[in-house]
Amino acid sequence: MATATSPADPKEAPKRPDARTTRWAAHRQQVRADFVSAAIRTFDTIGPKATLDDICAEVGVKKPKLYRFFDDKNDLYRAILETMTTDIWDRLSAQINLAEDSARQLTSHIVGEFADIVSEHPNVFHFLASGQYGSVTGDTDHPLRMARGSAERAAGLAQEVLSDAIGDAAHVQMTVYTLFGMVGSATDLWIRTDQPANDALSRDDFVAILTRSIIGVIQANLDPAISFDPDQPLHLAFSGIDD
């Protein structure tokens with residue numbers, strides 16, 4: 001005798017995504033990206049003291065529309081900072097060829113790509129790296145948190161390469177943080193507008209000095225039993241690890 005089957009519980013049926021909600025989320029994401037792009041253009045054109053009114057004028061809207069897509073000005077400025085950080089990592093990743101490039105070439109590629117981004121948007125970096133970000137937003141810790149996040153990401157990558165040559169994770173992390181601090185300070189000096197034009201370093205000189213400095217910091221922190229030839233591919237650059 002066949003048994004009757006009970007109808008499926010409607011509560012257990014998977015919910016379909018609301019098309020309107022999905023469209024709004026995509027629209028909101030696109031508009032936020034448009035505002036961030038406009039803000040970067042505005043800083044590039046006007047300078048690090050550009051205002052929200054300047055940014056809205058670039059978009060062609062009034063401030064009330066901006067506040068429909070951002071909680072406040074801090075939200076917009078954080079989005080700019082996060083976009084620049086993501087762009088840096090994306091462009092750096094595209095330059096890395098671990099199999100063929102020497103350690104020196106890899107370092108030069110990475111520093112060169114970073115220098116190109118800074119050269120394209122010096123006013124944005126002035127705003128983000130100087131006290132102006134904190135004075136405008138009141139969020140003095142956010143750039144530091146973003147820098148820490150990038151440093152920790154780099155430390156995780158470096159751990160795979162340098163752990164046997166430098167030592168434990170704490171030692172590798174300290175070395176990476178030292179490098180980030182050095183690069184940040186050097187970049188701040190390089191893009192400063194208050195230094196005489198004849199004292200400013202060219203892009204190539206900036207890259208060359210930082211490349212030598214980065215390699216020097218790595219060499220200074222190697223285990224004494226390890227030798228490092230920066231002109232060899234990275235997988236061959238360290239010797240003495242397995243001795």
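See the values below:
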read-out	value
Spacing of the two label points (7 Å from each Cα toward its C-beta) at Asn97 and Asp72, in nm	4.9 nm
Neighbour-count order for His171, His121, fewest beta carbons within 10 angstrom listed first	His171, His121
Two-site FRET efficiency, Leu236 against Ala33, from Cβ-Cβ distance with R₀ of 30 Å, rounded to 0.05	0.10
Length released on extending from Thr21 to Val217, taking residue separation times 0.36 nm less the Cα-Cα span	65.5 nm
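Taken together, the values in this text are just the output of simple stated rules run on the coordinates, not laboratory data. Just so you know, these numbers come straight off a predicted model, no measurement behind them. Reconstructed Cβ throughout: ideal geometry from the backbone, glycine too, with neighbour counts over all protein chains shown.
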